[in-house]
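Structure record follows, encoded as structure tokens.
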Amino acid sequence: MRFRLVAKKYCRCLTFSGWLVLLLMLILLFRLWMGSVSGWLSLNHPVKAKTLVIEGWIEDYAIKNAVDFYEKNGYKNLVVTGIPITQWHDYVEFKNTAEGAEAVIKGDGFKDTVYQAVIPRSVTINRTYNTAVATRILFEEHPGWGKMFNIYSVGVHSRRTHLMFERAFGDEYKIGIIADTDRTFDPKYWWKTSKGFRNVSNEFVAFNYVWIFFHPDYKAFERQLKKGFAMDSIRHLHKKSKNEFN
């Protein structure tokens with residue numbers, strides 16, 4: 001047997017025409033993806049429920065649309081999630097987005113109770129999941145609400161919101177999602193503006209990242225939130241006593 005270090009092998013490879021056809025197919029698939037990804041991220045899948053959870057960061061028009069949806073569909077409980085307002089914190093009236101959203105809701109004459117599910121100032125990452133944990137804590141304090149609810153969000157953020165709430169609440173809850181239209185860009189041609197391109201591409205990457213890699217320990221996040229709330233209370237008391245001293 002002859003000793004050899006290399007050997008010739010027969011293989012097939014694409015011709016210039018083959019590469020051209022492959023490139024055209026990839027361009028076509030990419031174009032189809034561009035036309036459908038915004039709608040895929042803007043998930044609309046409501047369930048029959050009596051509790052509506054509004055993401056407190058959404059703009060005023062969407063908050064008002066959410067309240068109209070609440071009233072027209074016979075809801076009984078309204079929850080607004082909130083993240084801390086860290087910019088100009090000591091100089092603005094509202095300390096979190098839930099307070100601002102509630103002001104918009106009450107400003108139009110809404111009479112029902114508005115429950116707030118807010119995360120503490122110390123929590124600066126995984127905010128959507130943390131608001132979901134805060135919402136679950138609120139649900140556990142109100143067992144009469146049952147285990148079905150809808151979330152009201154906006155645009156391409158809604159699919160990730162739905163996933164984060166499902167992971168926080170678990171299989172025992174049935175969670176729906178409503179996505180209002182994002183008026184800051186045209187969802188059909190999102191790539192034609194920097195805002196649309198940034199929002200859609202960021203959310204597409206973010207959703208796939210959390211879907212693959214983010215599998216949190218709910219109890220650990222719950223402990224983190226409760227610790228943060230305690231820290232906020234101490235900070236508030238310290239600030240109050242300092243103001244009284246001055």
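The values are calculated or read from the model by the stated rules, or taken from the named source; none is laboratory data. All of these numbers come straight from a predicted model, not from anything done at the bench. Methodologically, a virtual Cβ is constructed for each residue, glycine included, from the backbone with ideal geometry; neighbour enumeration extends over all protein chains shown. Ligands, DNA and RNA are excluded from the accessible area calculation, which covers all protein heavy atoms including side chains. Shrake-Rupley method; radii C 1.70, N 1.55, O 1.52, S 1.80 Å.
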Q.
Of the residues Thr128, Thr86, only one is open to solvent by 40 Å² or more (accessible area, probe 1.4 Å) and among the hydroxyl-bearing types (Ser, Thr, Tyr); which?
A. Thr86
Q. Ile137: touching a strand residue (DSSP E or B) at 6+ places or on another chain (Cβ under 7 Å) and either closer than 14 Å to Lys50 by Cα or surrounded by fewer than 17 Cβ atoms within 10 Å (Cβ to Cβ) (or both), yes or no?
A. no
(Q) Checking Val6 against (1) over 30 Å from Trp191 (Cα atoms); (2) open to solvent by less than 100 Å² (accessible area, probe 1.4 Å); (3) of a type in the set (A, V, I, L, M): exactly one of these is not met. Which one? (A) (2)
Q) What are the residues in segment 12-34 that are more than 26 Å from Trp190 (Cα to Cα) and open to solvent by 100 Å² or more (accessible area, probe 1.4 Å), if any? A) Arg12, Cys13, Phe16, Trp19
Q | Filter result (at pLDDT below 95 and of a type in the set (Ser, Thr, Tyr)) within segment 25-54 | A | Ser36
Q | Selection within segment 182-200 - part of a helix (DSSP H, G or I) and either open to solvent by less than 30 Å² (accessible area, probe 1.4 Å) or touching a residue at least 60 places away in the same chain (Cβ under 8 Å) (or both) | A | Pro187, Lys188, Trp190, Trp191, Gly196, Val200
Q) Looking at (1) open to solvent by less than 70 Å² (accessible area, probe 1.4 Å); (2) touching a residue at least 60 places away in the same chain (Cβ under 8 Å); (3) of a type in the set (S, T, N, Q), which is the only condition Asn44 fails? A) (1)
Q: Mind telling me which of the residues Gly146, Gly176 ends up being of a type outside the set (S, T, N, Q), farther than 21 Å from Thr97 by Cβ, modelled with pLDDT of 95 or more and more than 18 Å from the chain's Cα centre (by Cα)?
A: Gly146
Q: Can you tell me which residue within segment 55-69, out of those that are of a type in the set (Phe, Trp, Tyr) and touching a residue at least 60 places away in the same chain (Cβ under 8 Å), is most open to solvent (accessible area, probe 1.4 Å)?
A: Phe69
Q | Those residues of segment 61-98 which are of a type outside the set (Ser, Thr, Tyr), in a loop (DSSP other than H, G, I, E, B) and under 22 Å from the mean Cα position of the chain (by Cα), in sequence order | A | Ile83, Ile85, Gln87, Phe94, Lys95
Q | From Val37, Val80, residue being open to solvent by less than 70 Å² (accessible area, probe 1.4 Å) and touching a residue at least 60 places away in the same chain (Cβ under 8 Å) | A | Val37
